[in-house]
Amino acid sequence: MTQLRAAAPRLAVLVLLLAAAGWIFLNRDAVHPEAIATALQGLGVWGPAIFVLLYALGALVLFPAAVLSVAGGVAFGPVWGVVLDLAGATLGAGAAFLLARTLAAAWVQRRAGPRLARLVAGVEAQGWRFVAVARLVPVFPYALLNYGFGLTRVRFWPYLGASALCMIPGSMAYTWLGFAGREAAAGDGAAVHYALLGVAVLALAAAAPRMLRRRRAAAPVQ
């Protein structure tokens with residue numbers, strides 16, 4: 001009985017996450033940026049808060065973050081879309097990290113496989129700096145990365161701060177692409193500027209770690 005009570009929180013979280021993942025799978029044809037944006041706009045003043053919570057839930061069930069970021073641009077525009085995307089992504093990153101550290105370690109280890117060893121080694125060598133680089137250059141999927149970092153020894157607040165800061169370029173890029181798509185569909189030719197900006201931000205973020213490494217290598221030894 002004691003073991004059952006101890007396992008109850010894990011089972012409850014697992015059931016909720018499986019239910020959410022099952023709903024997304026059964027309604028996958030309807031879960032796309034335009035449909036999400038339309039549903040959010042129909043919620044009125046509650047739309048932004050629901051979107052942030054939806055983004056965080058998506059992170060927990062491994063739903064593609066890019067789809068939600070694009071939906072944020074479609075629903076809320078190029079400014080508030082970025083703010084809400086980043087809020088949801090940060091909340092989801094923190095929730096998945098804590099869930100992995102407290103309840104879901106075995107599941108994450110099975111899911112991540114050999115990639116987890118790379119995360120652990122990177123954090124051991126560089127700490128929160130590795131978190132920053134991993135966010136800027138998304139070699140690992142966003143949702144799985146959140147869980148994976150929960151199994152490393154990086155502290156929560158440095159992890160969350162580095163994640164929030166270094167997810168800004170991705171949030172800007174995908175939000176602007178979503179907004180550009182919405183405006184282009186409405187016949188606004190100026191929307192192409194946001195699309196180009198989004199692509200440029202993604203390219204710059206991907207190149208930033210390499211540029212920093214080259215700069216450090218070229219710096220004179222004191």
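The values are calculated or read from the model by the stated rules, or taken from the named source; none is laboratory data. As the structure is a computational prediction, the values presented were derived from the model and not from experiment. As a convention, Cβ positions derive from the backbone with ideal geometry for all residues, glycine included, and neighbour counts pool all protein chains shown.
Yes/no matrix, rows are residues, columns are (1) more than 26 Å from A134 (Cα to Cα); (2) within 14 Å of the chain's Cα centre (by Cα); (3) assigned to a helix (DSSP H, G or I); (4) touching a residue at least 24 places away in the same chain (Cβ under 8 Å):
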residue	(1), (2), (3), (4)
R153	no, no, no, yes
A164	no, yes, yes, yes
W176	no, no, yes, yes
R182	yes, no, yes, yes
G187	yes, no, no, no
Residues (closer than 14 Å to L160 by Cα and surrounded by fewer than 22 Cβ atoms within 10 Å (Cβ to Cβ)) located in segment 77-89: A87
Qualifying residue in segment 117-138 (condition: under 19 Å from the mean Cα position of the chain (by Cα), outside any helix (DSSP H, G or I), surrounded by 15 or more Cβ atoms within 10 Å (Cβ to Cβ) and modelled with pLDDT under 85): yes
Exclusive hit being of a type outside the set (S, T, N, Q), modelled with pLDDT under 85 and buried (at least 18 other Cβ atoms within 10 Å of the Cβ), set L177, L160, L144: L144
Criterion: surrounded by 14 or more Cβ atoms within 10 Å (Cβ to Cβ) and at pLDDT below 65 - qualifying residue of V70, V13, V61, V74: V13
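Does W23 satisfy the criteria of being at pLDDT 55 or above and aromatic (F, W, Y)? Break it down into steps so the answer makes sense when it comes.
Numbers: at pLDDT 55 or above: no; aromatic (F, W, Y): yes.
No.
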